[in-house]
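What follows is a short report on a single structure.
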Amino acid sequence: MEGLLPKLPIASWVDIFVDWLVSNFEFLFEGIAAGLEGFVEGIVLGLGFIPSFLLTIILGAVAWKICNWKIALFTLIGLFLIDNLGYWDNMLQTIALVLTSVGISVIIGIPLGIWASQSKTVGNIVIPILDFMQTMPAFVYLLPAIFFFNIGVVPGVVASVIFAMPPTIRLTILGITQVPKDLIEATEAFGSTTKQRLIKVQIPLAKPTIMAGINQSIMLALSMVVIASMVGAPGLGADVYRAVTQLQTGTGFEAGLAIVIVAIILDRITQNIGKKKQGGTA
């Protein structure tokens, strides 16, 4: 088969397309990079302004309010351990990267999911793209991100957004399309418009499912922090990557443990937000 047909120059086509984008839209990429970098630094400075013990107490209180005393106790102990091990500042960098990535994923993903749930044409276009985004190895996203945004936190954010966005879109579509038909028929019987039905019935009932999508996006963004560190993104991922390259098993375990603690805290809090919304809707 190799000799029957000439090889398609897909790699050359991709390189030409990327070079064309960089040449013609460099000003746009520079603006996006400056905005994202400033936003991440703003979050880090804002969180860093609060003393570590006070921020630990605040997050523990939030966990108690949203979850229960067990998660609150875990939050207090976990954050105290991270601070004790000397990873507090890098944890803030990681949280800033995750919050920025997930925030962009939500801002783009939820409206796109709503649109796809209301239009079969849009859905037929979006779903294959989501399949492509989720099956493509995460490392591949770093290559164009480096070309467009150079080394640093920005390509890490961009790659994390691409990797973390699909669950938000998918579960937004799922939540809205799974609203019981009898409720939709009832709203139509009362003469509600499509917009009214969407805003007052479908989206409120879909909130728990949408929150589950956001929860998954947070976990996927956290899973990208080590990969993002390969292109210069700061944070706990950089500590893990440095430990791997220097064969420092203990340091790698400490940084990995810090990532796990942050992941559990964010996971439990966002899960319980979804459950509370579900209970309130019911």
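The values are calculated or read from the model by the stated rules, or taken from the named source; none is laboratory data. Predicted, not measured: the structure shown is a model, and the values here were computed from it. With ideal geometry, Cβ positions are generated from the backbone for all residues, glycine too; neighbour counts draw on all protein chains shown.
Across the stretch 144-174, the qualifying residues are those that are within 14 Å of residue 210 (Cβ to Cβ) and free of Cβ contacts under 8 Å to residues at least 60 places away in the same chain, and the one among them that is surrounded by the fewest Cβ atoms within 10 Å (Cβ to Cβ) is 174. The selection criterion, being among the aromatic types (Phe, Trp, Tyr) and within 14 Å of the chain's Cα centre (by Cα), holds for residue 163. If you filter the stretch 68-93 down to residues that are of a type in the set (Val, Ile, Thr) and more than 17 Å from residue 215 (Cβ to Cβ), you find that the one that is nearest to the chain's Cα centre (by Cα) is 82. Where helices (runs of 4 or more DSSP H) fall wholly inside the stretch 178-282, the ranges with 3 or more residues that are under 30 Å from residue 72 (Cα atoms) are 203-223, 225-229, 236-245, 249-281. Being at pLDDT 90 or above and surrounded by 20 or more Cβ atoms within 10 Å (Cβ to Cβ) holds for only one residue in 262, 231, and it is 262. Residues in the stretch 244-259 that are surrounded by fewer than 19 Cβ atoms within 10 Å (Cβ to Cβ) and aliphatic (A, V, I, L, M) were compared, and the one that is farthest from residue 230 (Cα to Cα) is 257.
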